[in-house]
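Input: a single structure, listed below in structure tokens.
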Amino acid sequence: MPNQKNELKRSSYLIFFPLVFFMLILEIVRLPASIAPYRPDFTGMLLIFFAITDPKRINIGVAWLTGLVIDFLTGATLGINALVLSSEVFIIVSQFKLFAVFRLWQQMLVIGIVNFICHVGVYWFGHLLGQPSYSTNFTWQTIVTTLTWPIILGLCLFLWRSFNISSATSKSQSTSD
């Protein structure tokens, strides 16, 4: 029987970067006008998952950089998506320390409220910058994002366990034992 301490643990970067790349592709794919307002915030949910499971590696700075990449890819005002993603990750990480142990419906509720608050704040900020063309369809996007959270969570947990990923936090705890 293999010893738990000798078991090979991999970095979360192994699945983070391919998943971010896939989510960025989902962000830039053109959708028909009838379903475009219902596109969930895939990248935000992915960043929230990784910020909760491995906060030392995936944090607000990574969320900001990912948002800047989305801004470049979509041609949005530089920093708008970066502000949304980093705000979502900041609120979840700083205000909901026990988010990982919440029940699924509680996580969905928190994801929905945080997503809505961040999109309203960015909508307001966009108007201050003189950009009134920022989409006002964030209500439907928030609802669909909330309902999509269990799928993203299940996919990420499956990959986390399949690739035997360890967080930087668990490595530092296991070395002190």
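The values are calculated or read from the model by the stated rules, or taken from the named source; none is laboratory data. Owing to the predicted nature of the structure, the values given are computational and were not obtained by experimental measurement. Methodologically, a virtual Cβ is constructed for each residue, glycine included, from the backbone with ideal geometry; neighbour enumeration extends over all protein chains shown.
Some values worked out for this structure:
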item	result
Residue check, residue 87 of a type outside the set (Phe, Trp, Tyr), touching a helix residue (DSSP H, G or I) at 6+ places or on another chain (Cβ under 6 Å), at pLDDT 85 or above and within 26 Å of residue 167 (Cβ to Cβ)	yes
Lone unmet requirement of (1) under 30 Å from residue 165 (Cα atoms); (2) outside any helix (DSSP H, G or I) for residue 113	(2)
Segment 128-170 - residue that is aliphatic (A, V, I, L, M) and closer than 30 Å to residue 8 by Cα and, of those, modelled with the lowest pLDDT	168
Residue list for segment 100-109, filter: at pLDDT 95 or above, under 23 Å from residue 64 (Cα atoms) and surrounded by fewer than 19 Cβ atoms within 10 Å (Cβ to Cβ)	108
Qualifying residue in segment 70-85 (condition: over 14 Å from the mean Cα position of the chain (by Cα), surrounded by fewer than 13 Cβ atoms within 10 Å (Cβ to Cβ), over 17 Å from residue 152 (Cβ atoms) and among the acidic types (Asp, Glu))	no
Search result, residues across segment 1-29 that are surrounded by 10 or more Cβ atoms within 10 Å (Cβ to Cβ), part of a loop (DSSP other than H, G, I, E, B) and either charged (D, E, K, R) or at pLDDT 95 or above (or both)	9
Single unsatisfied condition, residue 139 versus (1) part of a loop (DSSP other than H, G, I, E, B); (2) free of Cβ contacts under 8 Å to residues at least 40 places away in the same chain	(1)
Unique residue being under 25 Å from residue 125 (Cβ atoms), part of a loop (DSSP other than H, G, I, E, B) and not polar (S, T, N, Q) when the list is 32, 40	40
Filter pass, residue 39 being surrounded by fewer than 11 Cβ atoms within 10 Å (Cβ to Cβ) and either at pLDDT 90 or above or of a type in the set (Phe, Trp, Tyr) (or both)	no
Residues located in segment 43-65, provided they are more than 18 Å from residue 82 (Cβ to Cβ) and either modelled with pLDDT under 90 or outside any helix (DSSP H, G or I) (or both)	54, 55, 56, 57
Verdict on residue 88 being more than 12 Å from the chain's Cα centre (by Cα), acidic (Asp, Glu) and either assigned to a loop (DSSP other than H, G, I, E, B) or within 19 Å of residue 153 (Cα to Cα) (or both)	no
Segment 12-36, subset without any contact (Cβ under 8 Å) to a residue 40 or more places away in the chain and not hydrophobic (A, V, I, L, M, F, W, C), residue nearest to residue 54 (Cα to Cα)	18
